[in-house]
Number of protein chains: 4
Amino acid sequence: MRGGFAPRATVQAMLLVEVALAEAGAGTGFLSDEAAAAIGRAARAEGIDLDRLAEDAALAGTPVIPLVAWLRAAVPGHETSVHIGGTSQDIIDNGLVVQLNAGVKLLQADLARMANGAAALARAHGATKMVGRTLLQAAMPTTFGLKAAGWLSAIDDSRGAIRHAAAEALRLQFGGAAGTLDVLGPHAVRFVEKFGFGLSLPVPAIPWHTSRAPLCRLAAAMAGAVGVAGKIGTDIALMMQSEIAEVAEPAAPGRGGSSTMAHKRNPTLSIAARAAALRVPGLVASLLAAQDQELERAAGAWQAEAAVWPALMLCASGGLAAMAEALTGLEVFPAAMARNLGLVSDSAIPAAVAGMIERSLEDHERMKVGSDNK
Amino acid sequence: MRGGFAPRATVQAMLLVEVALAEAGAGTGFLSDEAAAAIGRAARAEGIDLDRLAEDAALAGTPVIPLVAWLRAAVPGHETSVHIGGTSQDIIDNGLVVQLNAGVKLLQADLARMANGAAALARAHGATKMVGRTLLQAAMPTTFGLKAAGWLSAIDDSRGAIRHAAAEALRLQFGGAAGTLDVLGPHAVRFVEKFGFGLSLPVPAIPWHTSRAPLCRLAAAMAGAVGVAGKIGTDIALMMQSEIAEVAEPAAPGRGGSSTMAHKRNPTLSIAARAAALRVPGLVASLLAAQDQELERAAGAWQAEAAVWPALMLCASGGLAAMAEALTGLEVFPAAMARNLGLVSDSAIPAAVAGMIERSLEDHERMKVGSDNK
Amino acid sequence: MRGGFAPRATVQAMLLVEVALAEAGAGTGFLSDEAAAAIGRAARAEGIDLDRLAEDAALAGTPVIPLVAWLRAAVPGHETSVHIGGTSQDIIDNGLVVQLNAGVKLLQADLARMANGAAALARAHGATKMVGRTLLQAAMPTTFGLKAAGWLSAIDDSRGAIRHAAAEALRLQFGGAAGTLDVLGPHAVRFVEKFGFGLSLPVPAIPWHTSRAPLCRLAAAMAGAVGVAGKIGTDIALMMQSEIAEVAEPAAPGRGGSSTMAHKRNPTLSIAARAAALRVPGLVASLLAAQDQELERAAGAWQAEAAVWPALMLCASGGLAAMAEALTGLEVFPAAMARNLGLVSDSAIPAAVAGMIERSLEDHERMKVGSDNK
Amino acid sequence: MRGGFAPRATVQAMLLVEVALAEAGAGTGFLSDEAAAAIGRAARAEGIDLDRLAEDAALAGTPVIPLVAWLRAAVPGHETSVHIGGTSQDIIDNGLVVQLNAGVKLLQADLARMANGAAALARAHGATKMVGRTLLQAAMPTTFGLKAAGWLSAIDDSRGAIRHAAAEALRLQFGGAAGTLDVLGPHAVRFVEKFGFGLSLPVPAIPWHTSRAPLCRLAAAMAGAVGVAGKIGTDIALMMQSEIAEVAEPAAPGRGGSSTMAHKRNPTLSIAARAAALRVPGLVASLLAAQDQELERAAGAWQAEAAVWPALMLCASGGLAAMAEALTGLEVFPAAMARNLGLVSDSAIPAAVAGMIERSLEDHERMKVGSDNK
């Protein structure tokens, strides 16, 4: 994820969009196949001086102006074939969509690992009795399997939600200077279709230059997933407390030590998930606030998004990956659970518990099939 | 909306849940039909002393304890039949779901009015030329109809999103004291089904006591809609500027005056929508932050939600209703649009514009059909 | 606090401002003393139909227009003497300042109680050994008195910070229709001084109609205090866990029970403080977002503040009052602390601990003196 | 600012803290002067493999463990003299304080430039008449100088507020493993004083490991300043609208162009300020949320801060620097202002205007003196 949202990757995503734009242009007669091929060959971010691009972008108010200048210089003889029909926002928004498409796949892989880990715990510990705790007080007997099934159900819910939100948000952006597709003349529909095809993106009815709600909902779906990871991290950290000691994060050399206290084993992965969960509400709030986009292109709100998305994706990735690792190798101590159960009057585990676990696992199997067919 | 989220309505929603709980209990043999009927007759919030309930709730840490005490006192001879099988959170969460179900319908009605207003503008002004403005600068010619089609598309997107999010979030909550359905024995499944049926709510695989992501996504979908309203309000307020004067909010006696300047006509409705849009990111952030719910019931995070939802729903309702009214009666001044068009070199409106408007209107027709079948 | 920010209190605060405005007008010859006296007598919110005022305010875009109309009707013969020189925002902002002035006093009283409670604990338990816990793991021996001294230091810090922020933020607002004091002619300076004197508010160099940073900082200072309360609540709730049981919130009839589990004693006060702490970041974010106030008066951002402040003040008040009560009567169980200390290798308490506690208590004494002289 | 919060600068700041720690240790007899000197020579971040450090830090849960290991390896023979008495949090928090100290100076320099620019405009245009606009409607005549004086007053207010908040927040952090200064024995007070002296930081009464309110208030003071910059950016962007054209951002080669429309001059600097202002509320919300720090060291909340501060500082720096540049070279078009004044009935500028401008300028002069003496 760090690679996918690094500055050079962002530039490369924009260059991919310029290539697709050129191919759409070649396919509809605005430029030659040769020019499109030259643009395709030249559009490699490796050689770009990112510091200078950033400076020029700050001055211009957009990275697209200096990037297009750079690309033009890289295709001698085809300068006028670069950036035909697009506006800065088309390039930047589609670049973001390309990056998010890849980023969502990584998050979904982490979530799948989390779910599989939780499912294994739910299956293995359906009958492992422990105390259920409400308001941080011992309440009633439950099983660790039911707890894990609750995690599983929440994880799978987020997987479905991100899939749905991504399908709605990750669409082609294309409108030209003021959203009117002004330079394409009678070829507009065909051009846009080819452009979307080149980027493997569905084409909406109308440009979404100033309609950011679908992106906000995708962010909220991710924030929901990070919240789930944070809640699981909280549960693990609480169960790992020295006085409770019912589970432990998987051990690894160098993990969870203390710079001063050799005896400690800290809930490092849970801390990472909780830290991520604390940050996402503010990041989502920034994206929601940036919905206030004036007229045909916003003067500030749209630009504010650019720094938020990488922060959100890295934050989400860190939190989900930590919990994927924790759930995959979680150490469970049934004896400690049995000991703490003494805090409440023991009783048989209700019959309903097994059924709830089973239904969560069935839903999980369906989710896996759905993922495969995605 | 103000009525639906007033304190007494919140209490009434919880009482409705107690009634459905009693009916499910009667249907599965935990209490007599007579007791359930008595509970149904008694469960009317009109007579409750809300101030005292609030005091007792603050002391108890939950309104359910004093409310159940009140209800028991109201059904002499059936005291032990009240609140069988439920826990405080089951009552409160289902009460919230009942309120949100009604609240969502109101918001959807406002959104439908907004959409119809925008659609009428898109249809009427498809060829009304005006200057497209990007980064608050005159950019290119466009049409007012295309702008309205952009609004329409964003509004209809939010309608679909809220519908989807509500279907996912507004489900039965039921788990008993620690989520194990502990007192229901072999009748658990049937009990839960009857309970869900009584409240017309789908039954999830497992209680969602500490899984709040679906509610957060519903909040985000609403925030998206309010953001759309805010963006339209911004557009209208900018176009209403004295120097631009291309549209005006519908006039009404007493609307938009100034306490000191008789000549002014203020964009009151747009201000209401913009004010709402400014508030929702913080409210959604609070709900996202409250996802950190410990173990089987949270000590603080869950309780934090209670005050946020009414604020969010009132805020959303205010913003959407304002824009519904503004879009329904918006005054459009094509002559002023033509005058301001002089700022950019005039040119023919691109052919693509009509197609984009048409596709937005087609999507809108489909959305209407979808709404009817909901 | 609930009373001080109820709708009627808000109206009454605005009427107080109208009275002070009239008195300043009488003192500078804009109206007769008789008129000012009549306005003073009439300006009582008890008789106002708040529902109708809210409706008219929604239509007008401001409550001041219908309120001024009501006040004029209430002073027959002096109608034209009402609202001279002020604009809607002067009335509303000063009304808010009046309410905040009273609200801050209540919060400071809660904080003083919190501090005194923490100081008593720090004094009493300077040598009560317990385990210090870092990253939710047993780490090193410490004393409960040092923990309480840490709370104390944080509470007193917030008291000073709120005092400072209130002094900066709670100033007279006065500018007239566009911030130019346009109707006051050569009397402007004297008028403004009298107006400020009447409301006991300092007079700034220039109206702060669109400069909201000082108010945001006051909100942040309060949010800091609520965060301190939340942190203390977290500490108490964690120490109250059934497996740890080192402290307990003060018992009271009806407090902390469970609707289903008679044996439980829930950390109700801590939950209230934690719930408040979860909500304030979003509320402060809304106020910070509302700083974007256009030109001479904002179209949305200023209006957005109106609903946020009461929510923030009630939230803060609830959280601080809960911790004031918890700290005042906290039950401490040194035997349990000693037992849990077995988790780490015991050792003598460092000599520095007593000194740190003492310095916190000395700072606290200074803060008390400062408060008395405020 | 980018340099000051880059990963290597963060590591260097932590190394500076280790050096000061070693010097305090040498000064109190815990290690030899020779060892401290060796540590001082070795503590240079240039040679560190940051990628590997980040990996090890993720595993350990803190960068301090691998950093201390690296530093020990770099001082052969003095390994046991490294990191005496400190805990991870002491190093990280003091490193942050060192970075913030430098960062605040940069922000204050930007604010001073903004203030001087606004003061020059206030002085030059005290009598330049223009229309005052409220609720985005022409309202009353005012002068551009009064508007600039309002900006000035808000900027200077933020300068004072940041100075105050920085003085309160930027203090020595020192507590050792659990805040008890456990390894320092009778030398604790002297050690801490020397440590604070080495870092030029005041020493608080007690460690503030879990008391983050002063840092939050510093963030809020910065957010206030960014909000002021955003508001000025909004004003400029609105006055730069093609239909109004009363001011223009200073021209520079490459600034404010369009990738498709050669005729455009975009308000690039204002956009940067507005984008920054949109992001800060979410960032401050994250810091406020992170106040919930459990017991003696937080498991997640503290760690969440680490990524927020660089984002906040860069965001603030970008927004303030943009407005410093805009205000310094702002082009003002009095003729356009005069033309637009025709929208309202002209009238003499109230006498009070000159006085308000003058008082703002006087306050500004006092602020400059205060800055020099800081």
(request) With a Förster radius of 25 Å, plug the Cβ-Cβ distance of A:GLU362 and A:ALA109 into 1/(1 + (r/R0)^6) and report the FRET value to the nearest 0.05. (result) 0.65
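Just tell me how shielded B:142-149 is by partners: mean number of partner chain Cβ atoms within 10 Å of each residue's Cβ, no decimals.
Working: counts 8, 1, 0, 0, 7, 5, 0, 3.
Mean partner-chain Cβ count within 10 Å for B:142-149: 3.
Test of understanding: what is the full-extension gain from B:ALA251 to B:ASP33, defined as 0.36 nm times their sequence separation minus their Cα-Cα distance? Before the final figure, lay out the partial values.
Working: separation 218, 0.36 × 218 = 78.48 nm, distance 5.67 nm.
Result: 72.8 nm gained on full extension.
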(request) Report ³J(HN,Hα) in whole Hz for each residue of region B:132-141, in order, from the Karplus equation J = 6.51 cos²θ - 1.76 cosθ + 1.60 where θ = phi - 60°; Gly and Pro get x. (result) x, 10, 10, 6, 6, 10, 4, 10, 8, x
(message) Between 0 and 90 degrees, rounded to the nearest ten: what's the tilt of helix A:213-239 against the longest Cα principal axis of chain A?
(response) 30 degrees
(request) Calculate how steeply helix A:50-60 sits against the longest principal axis of the alpha-carbon atoms of chain A, using the helix alpha-carbon long axis, and give the answer as 0 to 90 degrees to the nearest 10. (result) 70 degrees
(request) Note the distances from B:GLY29 to each other copy's matching label point, with points 7 Å along the Cα-to-beta-carbon direction, in nm, sorted shortest first. (result) 8.0, 8.2, 9.4
(message) What whole-number distance in Å separates the alpha-carbon centres of region A:138-217 and region C:272-318?
(response) 31 Å
(request) Using the charge dipole of chain B (Lys, Arg: +1 at Cβ; Asp, Glu: -1 at Cβ; taken about the Cα centre), state which of B:LEU184, B:ALA127, B:SER270 has its Cα farthest towards the positive end. (result) B:ALA127
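Are there trypsin sites (Lys or Arg not before Pro) in region C:1-101 that DSSP marks as loop and that have at most 15 other Cβ atoms within 10 Å, and which are they?
Numbers: sites: C:ARG2, C:ARG8, C:ARG41, C:ARG44, C:ARG52, C:ARG72; in loops: C:ARG2, C:ARG44.
In loop regions of region C:1-101 (DSSP not H, G, I, E or B), the sparsely surrounded trypsin sites (Lys or Arg not before Pro) are C:ARG2, C:ARG44.
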(message) Looking at chain D as a GNM with Cα springs under 10 Å, which of D:ALA167, D:ALA13, D:ALA115 has the largest mean-square fluctuation?
(response) D:ALA167
(request) Putting +1 on Lys and Arg Cβ atoms and -1 on Asp and Glu Cβ atoms, find which of D:ILE162, D:GLN173, D:THR87 reaches farthest to the positive end of the dipole of region D:44-175. (result) D:ILE162
(request) With +1 on each Lys and Arg Cβ and -1 on each Asp and Glu Cβ, and nothing else charged, work out how big the dipole of chain D is about its Cα centre, in Debye to the nearest 20. (result) 1080 debye
(request) Using +1 at the Cβ of each Lys and Arg and -1 at the Cβ of each Asp and Glu in region B:93-158, identify which of B:LEU100, B:SER153, B:LEU111 lies farthest towards the dipole's positive end. (result) B:SER153
(request) Please state the charge dipole magnitude for the protein assembly as shown, taken about the Cα centre, from unit charges on C-beta atoms (+1 on K and R, -1 on D and E), reported in debye and rounded to the nearest 20. (result) 0 debye
(request) Place a label point 7 angstrom from the Cα of D:ARG52 along the Cα-to-Cβ direction, then list the residues of region D:66-83 whose backbone nitrogen is under 18 Å away. (result) D:66-76
(request) Please sort by residue number the GluC sites (Glu not before Pro) in region C:226-313 whose DSSP state is loop and whose Cβ has at most 10 other Cβ atoms within 10 Å. (result) none
(message) Tell me the angle of helix A:144-169 to the major Cα principal axis of chain A, expressed in degrees between 0 and 90 and rounded to the nearest ten.
(response) 10 degrees
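Taking the Cα centre of region D:195-307 as origin, sum charge times position over the Cβ atoms of Lys and Arg (+1) and Asp and Glu (-1), and report the length of that vector in debye to the nearest 20.
Numbers: 9 positive and 8 negative charges, 49 e Å.
Approximately 240 debye in magnitude.
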(request) For B:ARG366, go 7 angstrom from Cα along the Cα-to-Cβ vector, then report the distances to that same point in the other copies in nm, smallest first. (result) 2.5, 6.5, 7.0
(request) State the Cα centre-to-centre distance between region C:331-345 and region A:86-114 in whole Å. (result) 51 Å
(message) Rounded to whole angstrom, how close does the nearest chain C beta-carbon get to the axis mapping C onto B, and which residue is it?
(response) C:GLY282, 2
(request) Please work out the Cα center distance from region D:219-262 to region D:5-74, rounded to the nearest Å. (result) 43 Å
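Subtracting the Cα-Cα distance from 0.36 nm times the residue separation, let me have the gained length for D:ALA351 to D:ALA335 in nm, one decimal. All intermediate terms of the calculation are to be shown ahead of the outcome.
Values: separation 16, 0.36 × 16 = 5.76 nm, distance 2.22 nm.
Here the answer is 3.5 nm.
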(request) Can you list the distances in nanometres, one decimal and ascending, from the A:VAL183 label point to the identical position in each other copy, with the point 7 Å along Cα to Cβ? (result) 5.6, 6.6, 7.2
(request) Just flag the GluC sites (Glu not before Pro) in region B:7-40 sitting in loop per DSSP whose Cβ has no more than 15 other Cβ atoms within 10 Å. (result) none
(message) Quick check on region D:182-337: take the gyration tensor over C-alpha atoms, sort the square-rooted eigenvalues as a ≥ b ≥ c, and tell me if it's rounded (a/c under 1.5), prolate or oblate.
(response) prolate
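Return the subset of A:LYS147/A:LYS368; B:LYS264/D:LYS231; A:LYS105/D:LYS264 for which the Cα-Cα distance in this structure is over 29 Å, preserving the input order. Provide the component values of the computation, followed by the final result.
On the way: A:LYS147/A:LYS368 20 Å; B:LYS264/D:LYS231 23 Å; A:LYS105/D:LYS264 39 Å.
Where the Cα-Cα span goes over 29 Å, the pairs concerned are A:LYS105/D:LYS264.
Read the figures in this text as sums done on the coordinates, not as results from a lab. Bear in mind the structure is a predicted one, so any value in this text is a computation, not a measurement. For neighbour counting, all protein chains shown are included, and Cβ atoms are generated from backbone atoms with ideal geometry for every residue, glycine included.
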